[in-house]
Every structure is written in C-alpha cells, then in structure tokens.
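Have a look at the structure below, then the notes.
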Amino acid sequence: MLGGAYGQSTSTPAPGSTQEEGQRHAERVQNQKDRIQQGVKSGQLTPEQGKAMGRNMGRINKEAQNMKAKNGGQLSDKQEARIHNQMNRSSQRIAKARH
C-alpha cells in the first residue's frame, strides 16, 4: 500500500549498538509502519502522505546504517540518541497528520 520506498526501508537490519537496541528499533519501525498504514486505510492520511512518511523512515534507517558502517558495526550513545530523536519526530508527525 505504501509503495516500494517504505518496503525497502524495513528489509535491512535494524540499527543499534546491541542486539537488544536493534530489536527495539525494529519493533518501533514496525509500529510506525503500522500506524502509517492504518492512517492511509482509514483515510486520515492520503496515500501520498503515507509514502512521504515511509520515505522519511527509510532515510532514518539509512542514516543509522551508514553510522554503523563507519563505526565498526556499532552506534555510539550519541548516535543512538540522534536516531531516537529522529524516530520521535517521525512519530509526532504521524500522530499530527492522523488527527
């Protein structure tokens, strides 16, 4: 429903400095994906809004992967905080757009 851009963003390994952190990130990404899909399905979001939000999630994941690649497969605490802040802003945008 959201197109290829979003599907690609969740097919890559979740970022994080630990397996537990990576799992939390993957769950959070899935939760936000579900919220976007529900918003499009209910008509609270247009398909274009859903695609744009999906692309934003993909950019966040790509940035985290690039950080990990440059840092030996790990994210520093500062990098993790940056990704969490970006996810928080994305979540807020979803909520605002749906209401």
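The values are calculated or read from the model by the stated rules, or taken from the named source; none is laboratory data. Remember, it's a predicted structure, so these values are computed and weren't measured experimentally. Methodologically, a virtual Cβ is constructed for each residue, glycine included, from the backbone with ideal geometry; neighbour enumeration extends over all protein chains shown.
One residue alone among ALA52, ALA81, ALA64, ALA97 is surrounded by 15 or more Cβ atoms within 10 Å (Cβ to Cβ), among the hydrophobic types (A, V, I, L, M, F, W, C) and without any contact (Cβ under 8 Å) to a residue 24 or more places away in the chain, and that residue is ALA52. Among the criteria (1) surrounded by fewer than 19 Cβ atoms within 10 Å (Cβ to Cβ); (2) at pLDDT below 90, the one LEU75 does not fulfil is (1).
For the stretch 35-65, the tally of residues that are under 11 Å from the mean Cα position of the chain (by Cα), of a type in the set (D, E, K, R) and more than 11 Å from MET87 (Cα to Cα) stands at 3. Among the residues of this structure, LYS51 counts as one that is of a type in the set (Lys, Arg) and within 21 Å of LYS96 (Cα to Cα).
Of all the residues that make up the stretch 71-99, how many are in contact with a Gly (Cβ under 9 Å, 6 or more places away or on another chain) and in a helix (DSSP H, G or I)?
Within the stretch 71-99, the first condition is being in contact with a Gly (Cβ under 9 Å, 6 or more places away or on another chain), and the residues that meet it are 74-75, 80, 83, 94, 97-98.
Narrowing the set further to residues that are in a helix (DSSP H, G or I) leaves 80, 83, 94, 97-98.
Selection size over the stretch 71-99: 5.
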